[in-house]
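Notes follow once the structure below has been shown.
Derivation of every value follows stated rules applied to the coordinates shown; laboratory data play no part. Since the model is a prediction, treat every value here as computed from it, not as a measurement. When we count neighbours, we look across all protein chains shown, and the Cβ atoms used for this are built from the backbone with ideal geometry, even at glycine.
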Amino acid sequence: MTCLPAKTEKSLGLVIDLDTCVGCQACVTSCKEWNTGGHMAPLTDQNPYGGTADGVWFNRVHTYEHEVDGASRTVHFPRSCLHCETPACVTVCPTGASYKRTSDGIVLVDEDKCIGCKLCSWACPYGAREFDVDVGVMKKCTLCVDRIYNENLKEEDRVPACVAACPSGARHFGDLGDATSPVSQLVAARGGTALMPELGYAPTNRYLPPRANTGRGPKVAAPALESVGDAGGFFGWVDRVLSR
Amino acid sequence: MHPAYSVIVFTTATGAGYGLLALLGLLAATGATPPSLVPGLVSFGLAFALIGGGLLSSTGHLGRPERAWRAFSQWRSSWLSREGVAAVVTFVPAGLLALGWAVMGRSGAWIAICGLLAAACAVVTVCSTAMIYASLKPIAQWHSRFTLPSYLLFAATSGLVLLNALMQVFGRPSVPWLAAALVFTALAWVLKVAVWRHNDALGMPATLNSATGLKGGTVRSVEWPHTEDNYLLKEMGYRVARKHAARLRLIAVILAFALPGALLVIALLLRGGPAAAFVSVLAAASQLAGLMVERWLFFAEAKHTVTLYYGRD
Ligand code: SF4
Ligand code: SF4
């Protein structure tokens with residue numbers, strides 16, 4: 001059913017810390033590695049060793065320069081499905097392949113129903129859905145449904161692959177519908193934001209903005225070198241001889 | 001947006017087909033034209049060929065066309081599904097009408113009802129097609145108050161121009177229908193130019209600031225996640241036609257509006273006969289070709305918010 005649930009029991013999602021993300025792409029490769037054998041498998045690649053490699057990825061890390069009042073910083077920005085509360089990607093789907101789960105709010109595609117009309121990818125403002133030209137169906141982030149409830153995994157591993165892989169602790173997973181959950185408290189403490197709120201999709205994922213510049217760091221540009229005066233004495237004589 | 005040939009043919013051909021079908025329905029319902037076999041069959045045949053060909057072509061861009069039947073299921077939320085359902089439902093009154101009015105030469109109450117139903121279903125189908133695009137918020141050029149009236153007007157116009165061509169070919173020229181085709185062609189021209197002007201002043205519905213959650217100042221893309229074009233850039237970041245937009249717009253205006261308009265004026269002056277029939281058919285062919293170019297631009301000039309992430313706008 002592509003009608004949206006009026007309310008979901010949980011709102012599982014990610015909180016991504018743009019302050020600590022170092023752009024190492026570990027989450028990107030870890031996501032691909034897990035998911036190419038997971039729920040939406042395979043994530044096919046076209047011409048992977050040729051000059052025009054292309055393929056399905058659920059998570060992509062961009063790099064931006066954010067400049068405010070003449071001070072700029074580099075921000076690494078992981079982009080993936082935000083598991084929106086009111087996602088048009090689901091409602092536009094003609095087949096019922098796309099759906100939002102009432103139990104945890106995860107947005108999924110049923111690969112056996114998808115006709116590959118691509119309309120959902122047009123309806124997603126965030127570019128979170130990628131078409132698999134090999135299989136002929138749409139693919140997207142599953143929030144690792146096949147990990148987070150997987151009793152074959154150790155308790156601490158029951159998080160999305162990207163969260164498990166992040167070496168700088170920039171990715172957090174939890175219930176954003178519960179105001180007392182650690183992720184919700186983190187969002188409240190750090191002023192986490194939703195992306196493109198003006199489009200009305202009500203994303204679940206939150207992004208924590210980089211912390212304000214403390215001014216304690218060294219200035220980027222060192223002071224200019226001073227011109228060397230006449231030293232006098234023996235070294236002054238050496239200087240004069242060598243300068244001739 | 002990437003202009004897929006299948007979708008260009010789908011929207012243009014079904015638009016003209018449903019336009020023609022709606023007009024045939026009205027003609028039958030009002031009893032304005034007495035039924036007759038050959039003209040009736042050819043007219044319905046043309047309308048059904050355009051509709052059927054367009055619908056078939058639309059399955060050409062599916063990844064799994066063999067599952068297309070599933071698309072009838074989600075009419076509660078999806079305009080694409082509604083479009084599919086409306087398209088199939090339309091065939092019922094339209095088929096009965098073709099059978100009763102054109103083949104069996106009947107007239108009367110049930111023909112009138114079938115005619116009105118066929119016309120209404122055709123209008124609903126064209127509206128649904130338009131809403132597939134008009135409902136997409138990430139694309140400002142489509143999520144616009146102009147999209148629905150444009151689709152309706154272009155369908156009516158191409159239907160009228162086709163109807164006039166059929167009437168001329170079968171030696172039953174009608175000045176009011178010819179005049180209507182001419183007036184609608186002029187109206188469509190005016191609307192298209194207004195839409196282009198409106199779109200040229202449109203910005204993105206979001207900014208890179210709001211897309212990344214980085215407040216204030218400027219955000220500049222310095223590195224992409226990948227070096228080659230991916231699905232997003234191929235599908236949503238298509239830019240080829242934008243480069244030639246001015247020239248393509250001129251071609252669309254000439255083929256879809258100016259040339260058919262001139263040819264219809266000539267047909268009006270000729271008052272029937274083989275020459276009038278010839279220019280009328282030429283007008284219809286030219287208009288369909290022009291509307292394809294117009295539709296190509298409708299897709300190619302539409303900008304999706306995902307391109308913000310790639311530093312394009
Ligand atoms: S981010 Fe895109 S794909 Fe994910 S739920 Fe929102 S609209 Fe759908
Ligand atoms: S591509 Fe598949 S999931 Fe997306 S709208 Fe079409 S049928 Fe639904």
Self-check item: Distance between modelled label sites at A:Asp45 and B:Leu41, nm, 7 Å Cα→Cβ extension
Solution: 6.0 nm
Quiz item: Of A:Thr52, A:Thr86, A:Thr29, which has the largest mean-square fluctuation in a 10 Å C-alpha GNM of chain A?
Solution: A:Thr52
Self-check item: Along principal axes, Cα extents of chain B, largest first, whole Å
Solution: 70, 44, 29
Quiz item: What's log10 of I(q)/I(0) for region A:12-208 at q = 0.11 Å⁻¹, Debye sum over Cα points only, no solvent?
Solution: -0.51
Exercise. Calculate I(q)/I(0) for region A:1-95 by the Debye formula, one identical point scatterer on each C-alpha and no solvent, and give its log10 at q = 0.12, 0.14, 0.20, 0.21 Å⁻¹ to two decimals.
Key: -0.60, -0.79, -1.15, -1.18
Quiz item: Using modelled backbone amide H atoms (1.01 Å from N, in-plane), which distant-in-sequence or interchain residues come within less than 5 Å of A:Arg79's amide H?
Solution: A:Arg60, A:Val61, A:His62
Quiz item: With charges set only on the Cβ (+1 for Lys and Arg, -1 for Asp and Glu), what does the dipole of the protein assembly as shown come to about its Cα centre, in debye to the nearest 20?
Solution: 1380 debye
Quiz item: Where does region B:1-135 land on Rg/Rh, using Cα atoms and the Kirkwood Rh?
Solution: 1.01
Quiz item: Across region A:171-176, in residue order, what do the Karplus-derived ³J(HN,Hα) couplings come to in whole Hz, using 6.51 cos²θ - 1.76 cosθ + 1.60 with θ = phi - 60° and x for Gly and Pro?
Solution: 10, 10, 10, x, 8, 7
Exercise. Can you find, among A:Leu176, A:Val75, A:Ala123, the residue farthest towards the positive end of the dipole of region A:41-176? Put +1 on the C-beta of Lys and Arg, -1 on that of Asp and Glu.
Key: A:Ala123
Exercise. Run the dipole for region A:12-208 about the Cα centre, Lys and Arg Cβ at +1, Asp and Glu Cβ at -1, nothing else charged, and hand back the magnitude in debye, nearest 20.
Key: 180 debye
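Please compare each pair in A:Lys32/B:Lys303; A:Lys139/B:Lys243; A:Lys139/B:Lys234; A:Lys140/B:Lys243; B:Lys234/B:Lys303 to a cut-off of 20 Å on the Cα-Cα distance and tell me which ones are over it.
Result: A:Lys32/B:Lys303; A:Lys139/B:Lys243; A:Lys140/B:Lys243 exceed 20 Å.
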Exercise. For chain B, with a Gaussian network of springs between Cα atoms less than 10 Å apart, report the residue from B:Val265, B:Val38, B:Val89 with the top mean-square fluctuation.
Key: B:Val38
Self-check item: Degrees, to the nearest 10: A:26-35 long Cα axis against longest axis of chain A
Solution: 20 degrees
Exercise. Please state the charge dipole magnitude for region B:1-157, taken about the Cα centre, from unit charges on C-beta atoms (+1 on K and R, -1 on D and E), reported in debye and rounded to the nearest 20.
Key: 360 debye
Quiz item: Among B:Leu117, B:Gly54, B:Trp75, whose Cα lies farthest out toward the positive end of the dipole of region B:29-133, if unit charges sit on the beta carbon of Lys, Arg (+1) and Asp, Glu (-1)?
Solution: B:Trp75
Quiz prompt | Helix A:233-243 vs. chain A, principal-axis angle (Cα, 0 to 90°, nearest 10) | solution = 70 degrees
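Which whole number of Å³ per residue matches the convex hull of the alpha-carbon atoms in the protein assembly as shown?
Working: hull volume 122.4 nm³, N = 557.
Each residue corresponds to 220 Å³ of Cα convex hull volume.
Over the Cα atoms of region B:136-313, what is the Rg over Rh ratio if Rh follows Kirkwood?
1.14
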Exercise. Would you mind telling me which residue in B:Ala180, B:Ala102, B:Ala16 has the biggest mean-square fluctuation in a Gaussian network model of chain B, where springs connect alpha carbons within a distance under 10 angstrom?
Key: B:Ala180
Practice problem: Sum -39500 (n - 2.57) across every DSSP H segment of at least 4 residues in the protein assembly as shown, then divide by the residue count to get the 222 nm mean residue ellipticity, nearest 500. | Solution: -14500 deg cm²/dmol
